[in-house]
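A quick write-up on the structure given underneath.
The values are calculated or read from the model by the stated rules, or taken from the named source; none is laboratory data. What you see is a predicted model, and the numbers here were worked out from it, not measured in a lab. Backbone-built Cβ (ideal geometry, glycine too); neighbour counts: all protein chains shown. We work out accessible area using only protein heavy atoms, side chains counted, and drop any ligands, DNA or RNA first. Shrake-Rupley method; radii C 1.70, N 1.55, O 1.52, S 1.80 Å.
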Amino acid sequence: MCIRDSILTKFTFVLLLVTPILAEWNTRDYIRREHSLTKPYQGSGMSVPYWDFLGSTIVTTNYVRLTPDLQSKAGAIWNTAPCHTRNWELQVQFKVHGRGKDLFGDGFAIWYVRDRMQPGPVFGSKDYYYGLAIILDTYSNHNGAHNHQHPYISAMINNGTLHYDHDRDGTHTQLAGCEAKFRNYNHDTHISIVYKDDTLIVSTDLEGKNAWKECLRVENVLLPTGYYYGASATTGDLSDNHDIVAIKMYELDLLETQNKEEDRSHIIPSAASFEAPRERIEDEKPAMSGVKTFLWMMCIAIVVIVLVVLAIMWYQKRQETFRKRLY
């Protein structure tokens with residue numbers, strides 16, 4: 001009896017130790033395959049189950065490349081299944097790299113939006129969208145005073161009426177953001193996007209430590225169900241490789257305070273707060289450099305000299321004609 005009690009006690013002790021671990025892992029038990037992209041990517045032929053592609057996107061055995069390290073490219077990958085989960089987490093393993101050391105761009109965006117497969121000017125996807133964009137911007141287009149460095153991660157909610165001002169890096173419409181150096185790493189880089197109980201949390205693991213570092217947290221964010229996940233990237237005069245290695249979507253449990261019967265499919269995307277607005281100041285026209293000024297002045301001088309020479313030649317010819325008349 002004593003031996004049996006001892007074994008029972010040890011089993012109970014082990015169970016108590018394991019239970020918190022299982023509870024911690026519980027949110028990872030509900031991976032949704034129809035919203036996930038993992039290796040091996042290809043199904044039958046060149047198709048990938050549940051995913052469509054746009055533009056310059058290519059699929060390899062190790063990654064899905066949205067854009068190569070070439071100028072003026074745009075590509076995208078879009079989930080074919082709408083998400084009807086109210087609380088979710090999207091984990092994306094990615095790699096941004098290229099030959100440029102000081103100049104590179106432009107970056108990529110992760111989407112949860114109403115309209116899929118719509119190319120456009122916002123990192124390869126349409127402007128005036130409905131839904132959520134998480135933007136990983138590698139190049140600063142802002143020529144005036146800037147309060148953060150790049151690369152930069154930001155979140156934007158759009159109800160179809162807001163314009164993403166690419167020339168101002170979207171700073172006038174972003175919810176929040178953080179600086180994040182995620183380019184040209186040899187190890188894996190990850191981003192986590194959690195939407196739970198109307199709270200948006202974006203975290204990163206950029207140092208290969210298998211630990212999330214919170215980038216931004218915004219409460220009172222309303223997103224409807226039935227939207228689509230996607231990722232898109234673009235290059236302009238500057239370029240980079242923008243690679244998606246894996247996408248994993250997890251369904252998170254509803255909280256006791258959430259109404260399970262609520263229909264959220266018709267909610268208009270919105271957020272109760274944005275970053276403090278800044279006045280939109282146009283950039284001052286840059287002053288000409290010394291070389292440009294010298295060349296400009298030299299051109300003016302040449303034009304003046306040519307005009308003077310022509311005037312002298314015209315005057316001399318007129319005088320010669322006048323003399324011939326006298327004789």
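Does Asp127 satisfy the condition of being outside any strand (DSSP E or B), touching a residue at least 12 places away in the same chain (Cβ under 8 Å) and more than 25 Å from Thr173 (Cα to Cα)? So Asp127 does not fit the description; no. Selection of segment 42-88 for residues being closer than 25 Å to Gly226 by Cβ, more than 17 Å from the chain's Cα centre (by Cα) and of a type in the set (Val, Ile, Thr) yields Val48, Thr80, Thr85. On the stretch given as segment 74-83, residues that are open to solvent by 10 Å² or more (accessible area, probe 1.4 Å) and either at pLDDT below 95 or assigned to a strand (DSSP E or B) (or both) total 1. Scan segment 84-105 for residues that are among the charged types (D, E, K, R), part of a loop (DSSP other than H, G, I, E, B) and closer than 22 Å to His150 by Cβ and the total you get is 3.
Counting only residues that are buried (at least 23 other Cβ atoms within 10 Å of the Cβ) and in a loop (DSSP other than H, G, I, E, B), segment 216-236 holds 2 of them. Consider segment 46-73 and keep the residues that are buried (at least 19 other Cβ atoms within 10 Å of the Cβ) and among the aromatic types (Phe, Trp, Tyr). The one that is farthest from Gln118 (Cα to Cα) is Tyr63. Do you know which residues across segment 131-163 are at pLDDT 90 or above and outside any strand (DSSP E or B)? Matches in segment 131-163: Gly160, Thr161, Leu162, His163.
Scanning segment 116-130 for residues that are small (Gly, Ala, Ser) and surrounded by fewer than 21 Cβ atoms within 10 Å (Cβ to Cβ) returns a single hit, Gly120. For segment 165-215, a residue qualifies if it is of a type in the set (Phe, Trp, Tyr), touching a residue at least 24 places away in the same chain (Cβ under 8 Å) and open to solvent by 10 Å² or more (accessible area, probe 1.4 Å), and exactly one does: Tyr185.
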